[in-house]
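Trainee: Can you keep this structure in mind? I'll have questions shortly.
The values are calculated or read from the model by the stated rules, or taken from the named source; none is laboratory data. Everything numeric in this text was worked out from a predicted model, so none of it was measured. Every residue, glycine as well, gets a Cβ built from its backbone with ideal geometry; the counts of neighbours run over all protein chains shown.
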Amino acid sequence: MARRPNDRSSSAPKAPSLKVEEKAEIVVTRLERFIRDHRTLSRGVSFRKWQDLAKSEIADLLREQESQQAQDHCYIERTLMLIGAGLATIGVWGTALALSMAPERVLAAILTLLGGFIVLWGVGALGLRTPFRQFQVDNARMALERVRSINKTVRDLEHQLKKRKKALEKELDEMPEE
């Protein structure tokens, strides 16, 4: 089954907020896997195929980064708007209560309390976002480390198999023919 350049591997971790070097390592790992999967005994991967995949992987990484930044910006904007609405609610109804101008004091108190909860929720959402993101980054780093370890093991096994093959071929050549 041939892999198209823009296919995503299911074993590659999604990189939420990894360092640039770690994202580059993911791209290199994908390129290495592509080269291994598409080489033959007589020749390697054509430069054109490799170049197409490299362009595709780098473009995907840049698009992912831009998308993440846009999502972050929208989230912060929305949360700040919500906090502003909560503060405005507190200000209007709190002032009405303080000046005894509210037609229904219970309603004004409930709306002021609701505005306070909105502000509290908005500030809490902004504050809790960082620990959750750090948890995702730590999980992605652990997955990346597992992939690196598996790749190293595969390379070592390939090397050992090549050595074993040469040794067996040499042993076959040295055997007397009957």
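Trainee: Restricting the search to region 126-175, which residues are over 30 Å from residue 73 (Cβ atoms) and under 29 Å from the mean Cα position of the chain (by Cα)?
Mentor: Answer for region 126-175, where residues must be over 30 Å from residue 73 (Cβ atoms) and under 29 Å from the mean Cα position of the chain (by Cα): 145, 146, 147, 148, 149, 150, 151, 152, 153, 154, 155, 156.
Trainee: Answer yes or no as to whether residue 50 is modelled with pLDDT under 80, within 30 Å of residue 22 (Cβ to Cβ) and part of a helix (DSSP H, G or I).
Mentor: Details: modelled with pLDDT under 80: yes; within 30 Å of residue 22 (Cβ to Cβ): yes; part of a helix (DSSP H, G or I): yes.
Answer is yes for this residue.
Trainee: I'd like to check something: does region 96-116 contain any residue that is touching a Leu at 6+ places or on another chain (Cβ under 7 Å) and under 24 Å from residue 68 (Cβ atoms)?
Mentor: No, region 96-116 contains no residue that is touching a Leu at 6+ places or on another chain (Cβ under 7 Å) and under 24 Å from residue 68 (Cβ atoms).
Trainee: I'm trying to understand the selection: among the residues of region 34-45, which are surrounded by 11 or more Cβ atoms within 10 Å (Cβ to Cβ) and either modelled with pLDDT of 80 or more or not in a helix (DSSP H, G or I) (or both)?
Mentor: Of region 34-45, the ones surrounded by 11 or more Cβ atoms within 10 Å (Cβ to Cβ) are 34-39, 44-45.
Residues satisfying the conditions are 39, 44, 45.
Trainee: Is one or more of the residues making up region 120-131 surrounded by 14 or more Cβ atoms within 10 Å (Cβ to Cβ), closer than 22 Å to residue 81 by Cα, among the small types (Gly, Ala, Ser) and at pLDDT 75 or above?
Mentor: Yes, region 120-131 contains a residue that is surrounded by 14 or more Cβ atoms within 10 Å (Cβ to Cβ), closer than 22 Å to residue 81 by Cα, among the small types (Gly, Ala, Ser) and at pLDDT 75 or above.
Trainee: Looking at region 95-118, is at least one residue more than 19 Å from the chain's Cα centre (by Cα), over 29 Å from residue 26 (Cα atoms), at pLDDT 80 or above and among the charged types (D, E, K, R)?
Mentor: So far as region 95-118 goes, no, none of its residues is more than 19 Å from the chain's Cα centre (by Cα), over 29 Å from residue 26 (Cα atoms), at pLDDT 80 or above and among the charged types (D, E, K, R).
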